[in-house]
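S.K.: The structure's right below; bear with me while I get my questions together.
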Amino acid sequence: MVHSKTKLWSIDYIYTLTVGLIVNIPNIILMTILPLFVLSIGGTNSIAGLLTTVLTMSALIFRPFFGKILDNVGRRMVLVLGLCLLAVSTIMHVLSTNIILLLVLRFFQGIGLSAYSTALGTILSDVVPAPRISEGIGYFGVSQTISLAAGPP
């Protein structure tokens, strides 16, 4: 049952959706063009796949760590740390013409992704009223799907 008197669309909720959308679009763009970039600097399809694996594994390894520190250090601090790591490591891809550097960048990008996504999901659960949590998470999922659709083109 939806409680119509409980406000879902607060400014904090809108900010959370916006941050998720804005951060995910460049990540999706990078995911689609990185294999071509790797090939252009002399890498192989296997190396391109390894870059995705490194990102995924570092995000997986660090997620429990960030989950534990969210309550101790604060959600905003973990979110900012993750966003900074993501931004710097993503921008550094432009300067990279070396496979080893790309592997290191993807590792740090995975750490940033882990911090950012763990913090943003927790913030989302904090700003959405309990009676509307399913609806709020649903709209968040839609915003993530929009980034998947908007990034590649």
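The values are calculated or read from the model by the stated rules, or taken from the named source; none is laboratory data. Keep in mind it's a predicted model, so treat the numbers as computed, not measured. Every residue, glycine among them, receives a Cβ derived from its backbone with ideal geometry; neighbour counts consider all protein chains shown. For the accessible areas, the whole protein counts, side chains as well, though only heavy atoms, and no ligand, DNA or RNA atoms are used. Shrake-Rupley method; radii C 1.70, N 1.55, O 1.52, S 1.80 Å.
S.K.: Among the aromatic types (Phe, Trp, Tyr) and either touching a residue at least 60 places away in the same chain (Cβ under 8 Å) or within 17 Å of Ile123 (Cα to Cα) (or both): does that describe Phe37? Show your work before the answer.
M.R.: Working: among the aromatic types (Phe, Trp, Tyr): yes; either touching a residue at least 60 places away in the same chain (Cβ under 8 Å) or within 17 Å of Ile123 (Cα to Cα) (or both): no.
Criteria not met by Phe37.
S.K.: If Gly82 meets every condition in (1) more than 14 Å from Ile123 (Cα to Cα); (2) small (Gly, Ala, Ser); (3) buried (at least 18 other Cβ atoms within 10 Å of the Cβ) apart from one, which number is that one?
M.R.: Looking at each condition in turn, Gly82 falls short on (1).
S.K.: Still on this structure, I have one more. Within the stretch 131-148, is there a residue that is of a type in the set (A, V, I, L, M), closer than 20 Å to Thr52 by Cα and under 16 Å from the mean Cα position of the chain (by Cα)?
M.R.: Going through the stretch 131-148, the residues of a type in the set (A, V, I, L, M) turn out to be 133, 137, 142, 146, 148.
So of that shortlist, the ones also closer than 20 Å to Thr52 by Cα come out as 148.
Subset that is under 16 Å from the mean Cα position of the chain (by Cα): 148.
Yes, that holds for at least one residue.
S.K.: Could you please find all residues in the stretch 97-127 being surrounded by 16 or more Cβ atoms within 10 Å (Cβ to Cβ), closer than 27 Å to Gly43 by Cβ and free of Cβ contacts under 8 Å to residues at least 40 places away in the same chain?
M.R.: Selection gives Leu105, Gly112.
S.K.: Something else: Just one of the numbered conditions (1) basic (Lys, Arg); (2) touching a helix residue (DSSP H, G or I) at 6+ places or on another chain (Cβ under 7 Å); (3) not in a helix (DSSP H, G or I) is not true of Lys5; which one?
M.R.: Here Lys5 meets the rest and fails (2).
S.K.: While we're on this one: Taking the condition at pLDDT 95 or above and under 29 Å from Phe37 (Cα atoms), does Met92 pass? Steps first, answer last, please.
M.R.: Working: at pLDDT 95 or above: no; under 29 Å from Phe37 (Cα atoms): yes.
In short, no.
S.K.: Is it the case that the stretch 132-144 has a residue that's farther than 18 Å from Thr18 by Cα, open to solvent by 40 Å² or more (accessible area, probe 1.4 Å), out of contact with any Cys (no Cβ under 8 Å at 6 or more places or on another chain) and in contact (Cβ under 8 Å) with a residue 60 or more places away in the chain? Show your work before the answer.
M.R.: Filtering the stretch 132-144 down to residues farther than 18 Å from Thr18 by Cα leaves 132, 134.
Okay, now just the ones that are also open to solvent by 40 Å² or more (accessible area, probe 1.4 Å), so 134.
After this cut, where a residue has to be out of contact with any Cys (no Cβ under 8 Å at 6 or more places or on another chain) as well, the list is 134.
Now drop any that are not in contact (Cβ under 8 Å) with a residue 60 or more places away in the chain, which leaves none.
Within the stretch 132-144, none of the residues are farther than 18 Å from Thr18 by Cα, open to solvent by 40 Å² or more (accessible area, probe 1.4 Å), out of contact with any Cys (no Cβ under 8 Å at 6 or more places or on another chain) and in contact (Cβ under 8 Å) with a residue 60 or more places away in the chain.
S.K.: Give me the pairs: first residue in the stretch 5-17 and over 18 Å from Val142 (Cα atoms), second residue open to solvent by less than 40 Å² (accessible area, probe 1.4 Å), beta-carbon distance under 6 Å, and six or more apart or on different chains, which are they?
M.R.: Thr6/Pro129; Thr6/Arg132
S.K.: Which condition breaks for Leu34 when tested against (1) over 25 Å from Ile137 (Cβ atoms); (2) surrounded by fewer than 18 Cβ atoms within 10 Å (Cβ to Cβ); (3) aliphatic (A, V, I, L, M)?
M.R.: (2)
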